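The values are calculated or read from the model by the stated rules, or taken from the named source; none is laboratory data. Note that the coordinates shown come from a computational prediction; the quantities given were computed from them, not determined experimentally. Reconstructed Cβ throughout: ideal geometry from the backbone, glycine too, with neighbour counts over all protein chains shown.
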């Protein structure tokens, strides 16, 4: 028996078309919901990022005065450190009062000093020694500026004056050689000179202040 289909073809075609439309509408609705959810999530993330940026900007604005104060204090500390280094480089290890006190004990009543010079000079090993000794400084600051004196310095004393005779000059030199305050005593000159009609001896003596020591170890470069 042959089955007869009474449903027209246009009805079937229209039904398939409607089913296709429903599927498309459903997909579009799902896509719209997904886009809406993504937009909400992106908005929340963007708002959180903006809040974090605003907080960081406010923190930077609040800490800017402290940063300026810190930079100013740091620059002041650096300046004071440089000045302290300069003072340490130019000052003598032995106070001048100690040198003057020792000389006042050694210079007798028959000697009158006309000049006394206390200066610093680069330290050099003694050339008169039989064997070269290494010079060890009690304090050696770091060299930071070419305009400043060298770090290995010794204090040099140059005294000039007039003595009653050459024996007084020799006694002064002998006293300086025995003293623990001076070393490398070198007579500059000693000559006769008339002072107010009397014959006297004019002299000059240079010496180093013994605020360093010499050892046989070659330790410093």
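Could you tell me whether any residue of segment 85-107 is loosely packed, with under 10 Cβ neighbours inside 10 Å, in contact (Cβ under 8 Å) with a residue 24 or more places away in the chain, outside any helix (DSSP H, G or I) and touching a strand residue (DSSP E or B) at 6+ places or on another chain (Cβ under 9 Å)?
No, that holds for no residue.
Okay, residues lined up against (1) modelled with pLDDT under 85; (2) in the same structural domain as residue 186 (by TED's automatic domain parsing); (3) touching a strand residue (DSSP E or B) at 6+ places or on another chain (Cβ under 7 Å):
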| position | (1), (2), (3) |
| --- | --- |
| 35 | no, no, no |
| 52 | no, no, no |
| 55 | yes, no, no |
| 71 | no, no, no |
| 80 | no, no, no |
| 83 | yes, no, no |
| 110 | no, yes, yes |
| 125 | yes, yes, yes |
| 129 | yes, yes, no |
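Would you check which residues across segment 172-194 are crowded, with 16+ Cβ neighbours inside 10 Å and touching a helix residue (DSSP H, G or I) at 6+ places or on another chain (Cβ under 9 Å) and list them?
172, 175, 176, 179, 181, 182, 183, 185
Scanning segment 188-221 for residues that are part of a loop (DSSP other than H, G, I, E, B) and under 21 Å from residue 177 (Cβ atoms), which turns out modelled with the lowest pLDDT? Working first, answer last.
First pass over segment 188-221, keeping only residues part of a loop (DSSP other than H, G, I, E, B): 196-197, 210-211, 216-221.
Cutting the leftovers down to under 21 Å from residue 177 (Cβ atoms) gives us 210-211.
Details: 210: 83, 211: 76.
Going through the qualifying residues, I end up with 211.
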